[in-house]
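Chemist: Below is one structure. I have some questions about it.
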Amino acid sequence: MNKLFNSIVIVLLVILIAGIGYAQTPQQKNIILATTTSTQDSGLLDELIPVFEKKTGYFVKTIAVGSGQAMKMGQKGEADVLLVHSPDAEIKFVAENYGVNRRLVMHNDFIILGMAADSAKIKGTKSAGDAFKKIAAAGSLFISRGDKSGTHAKEMKIWNGVGINPEGQKWYQQTGLGMGNTLGVAAEKKGYTLADRGTYLAMKKNLGLDILVEGDAALLNIYHIIEVNPAKWPKVNAAGSKAFADFMVAPETQAVIKTFGVDKFGSPLFFPDAGKRVDDLGK
């Protein structure tokens, strides 16, 4: 009888341990990716994430917000890995030990968009700062994301560079929304806006907005992958974070990035940069 009892106990313990292991597996296999809206709105992540999940067995939960909000999530340990495009803020994020192993992934560029009528006459202006000055002088409507994103940070850097504070001006409106939604607002209100080229090309046919200013070196848009520091947040999925970061800079993934958008738009939406120096981009 005792032997039978002991056998039953052992079986129950085995089932319990197996059940605990099974319950933990999904948690260990989940990765929270906090990223800028442009990687989502452009369709790039829809192309890449299924490949990563099939290859590794991880499941990626994507939270597409502005780069600033993505880094706030990282600061709170609410994400495992970040894909962002706000270099100054990223450097500070890593310096404060919230992130580790920041790696260059890709770039595209920002463009200034508006209606063909171009009330501020900025079309063909070589300098983004000069274009912004013309918009302000004309009092033409400018639609800003206003969401602390990488795009918003770039926009404010341009305004600051020409000594203009647009906030509070009647011609300046902030959406507080992501890139795709902000493009929709700019199109509806027939205003100017700053956007990343990838999201614009992905949505172009529904907007009626034209590229009016491009090519200024100040408009370079650079993306990095950053792993949230497990030393600060032990509960982050460090193994999953590293696996996804490694995937984004792997030659096979970089090859996909290189051609993404070519079939549909005639040109890629992003340019792969793994292993390069930031100083060499756009040359």
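Chemist: Restricting the first residue to the range 212-225 and requiring it to be under 18 Å from THR125 (Cβ atoms), which pairs with a second residue that is among the aromatic types (Phe, Trp, Tyr) and in a strand (DSSP E or B) meet a Cβ separation below 6 Å and a spacing of at least six or different chains?
Modeler: LEU219/PHE110
Residue-wise test of (1) out of contact with any Phe, Trp or Tyr (no Cβ under 8 Å at 6 or more places or on another chain); (2) in the same structural domain as GLY74 (by TED's automatic domain parsing); (3) basic (Lys, Arg).
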residue: LYS121; (1), (2), (3): yes, no, yes
residue: GLY129; (1), (2), (3): yes, no, no
residue: SER140; (1), (2), (3): no, no, no
residue: ALA153; (1), (2), (3): yes, no, no
residue: ILE158; (1), (2), (3): no, no, no
residue: PRO166; (1), (2), (3): no, no, no
residue: TRP171; (1), (2), (3): no, no, no
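Chemist: Of the conditions (1) hydrophobic (A, V, I, L, M, F, W, C); (2) part of a helix (DSSP H, G or I); (3) in contact with a Gly (Cβ under 6 Å, 6 or more places away or on another chain), ALA218 fails just one. Which one is it?
Modeler: If we test ALA218 against (1) hydrophobic (A, V, I, L, M, F, W, C); (2) part of a helix (DSSP H, G or I); (3) in contact with a Gly (Cβ under 6 Å, 6 or more places away or on another chain), just (3) comes out false.
Chemist: Let me ask something additional. Using the structure shown, decide if GLU227 is in a helix (DSSP H, G or I), in contact with a helix residue (DSSP H, G or I) (Cβ under 9 Å, 6 or more places away or on another chain) and under 24 Å from LYS61 (Cα atoms). Write out each step before concluding.
Modeler: Working: in a helix (DSSP H, G or I): no; in contact with a helix residue (DSSP H, G or I) (Cβ under 9 Å, 6 or more places away or on another chain): yes; under 24 Å from LYS61 (Cα atoms): yes.
Considered against the rule, which asks whether it is in a helix (DSSP H, G or I), in contact with a helix residue (DSSP H, G or I) (Cβ under 9 Å, 6 or more places away or on another chain) and under 24 Å from LYS61 (Cα atoms), GLU227 comes out as no.
Chemist: Suppose we filter ASN108, ASN97 for residues that are within 21 Å of the chain's Cα centre (by Cα), among the polar types (S, T, N, Q) and surrounded by 15 or more Cβ atoms within 10 Å (Cβ to Cβ); which single one remains?
Modeler: On the way: ASN97 fails: surrounded by 15 or more Cβ atoms within 10 Å (Cβ to Cβ).
It is ASN108.
Chemist: Next up: Grab the strands (runs of 3 or more DSSP E) fully contained in the range 26-134, keeping just those with 1 or more residues being closer than 26 Å to LEU281 by Cα, aromatic (Phe, Trp, Tyr) and at pLDDT below 95.
Modeler: In the range 26-134, the matching strands (runs of 3 or more DSSP E) lie at 99-114.
The rows are residues; the columns are (1) in contact with a strand residue (DSSP E or B) (Cβ under 7 Å, 6 or more places away or on another chain); (2) more than 26 Å from VAL100 (Cα to Cα).
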{"site": "TRP171", "(1), (2)": "yes, yes"}
{"site": "GLN174", "(1), (2)": "yes, yes"}
{"site": "MET179", "(1), (2)": "yes, yes"}
{"site": "ALA187", "(1), (2)": "no, yes"}
{"site": "ILE222", "(1), (2)": "yes, no"}
{"site": "PRO230", "(1), (2)": "no, no"}
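Chemist: Among the residues of the range 195-215, what is the count of those that are part of a strand (DSSP E or B) and either surrounded by fewer than 22 Cβ atoms within 10 Å (Cβ to Cβ) or touching a Pro at 6+ places or on another chain (Cβ under 8 Å) (or both)?
Modeler: 3
Chemist: Which pairs have Cβ atoms under 8 Å, sit 6 or more apart or on different chains, and link a residue in the range 115-141 that is at positive phi to one that is surrounded by fewer than 20 Cβ atoms within 10 Å (Cβ to Cβ) and among the hydrophobic types (A, V, I, L, M, F, W, C)?
Modeler: Here the result reads LYS121/ALA138; GLY139/TRP171, each pair linking the range 115-141 to a residue that is surrounded by fewer than 20 Cβ atoms within 10 Å (Cβ to Cβ) and among the hydrophobic types (A, V, I, L, M, F, W, C).
Chemist: For the range 77-91, indicate whether the set of residues that are outside the structural domain of GLY43 (by TED's automatic domain parsing), aliphatic (A, V, I, L, M), touching a residue at least 40 places away in the same chain (Cβ under 8 Å) and in contact with a strand residue (DSSP E or B) (Cβ under 8 Å, 6 or more places away or on another chain) is non-empty.
Modeler: no
Chemist: Can we say ILE63 is crowded, with 17+ Cβ neighbours inside 10 Å, in contact with a strand residue (DSSP E or B) (Cβ under 7 Å, 6 or more places away or on another chain), of a type in the set (Val, Ile, Thr) and in contact (Cβ under 8 Å) with a residue 24 or more places away in the chain? I'd like the intermediate steps shown before the answer.
Modeler: On the way: crowded, with 17+ Cβ neighbours inside 10 Å: no; in contact with a strand residue (DSSP E or B) (Cβ under 7 Å, 6 or more places away or on another chain): yes; of a type in the set (Val, Ile, Thr): yes; in contact (Cβ under 8 Å) with a residue 24 or more places away in the chain: yes.
Against the criterion (crowded, with 17+ Cβ neighbours inside 10 Å, in contact with a strand residue (DSSP E or B) (Cβ under 7 Å, 6 or more places away or on another chain), of a type in the set (Val, Ile, Thr) and in contact (Cβ under 8 Å) with a residue 24 or more places away in the chain), ILE63 does not qualify.
The values are calculated or read from the model by the stated rules, or taken from the named source; none is laboratory data. Bear in mind that the values here come from a model prediction, so they are computed numbers and not experimental data. Positions of Cβ are backbone-derived with ideal geometry, glycine not excepted, and every protein chain shown enters the neighbour counts.
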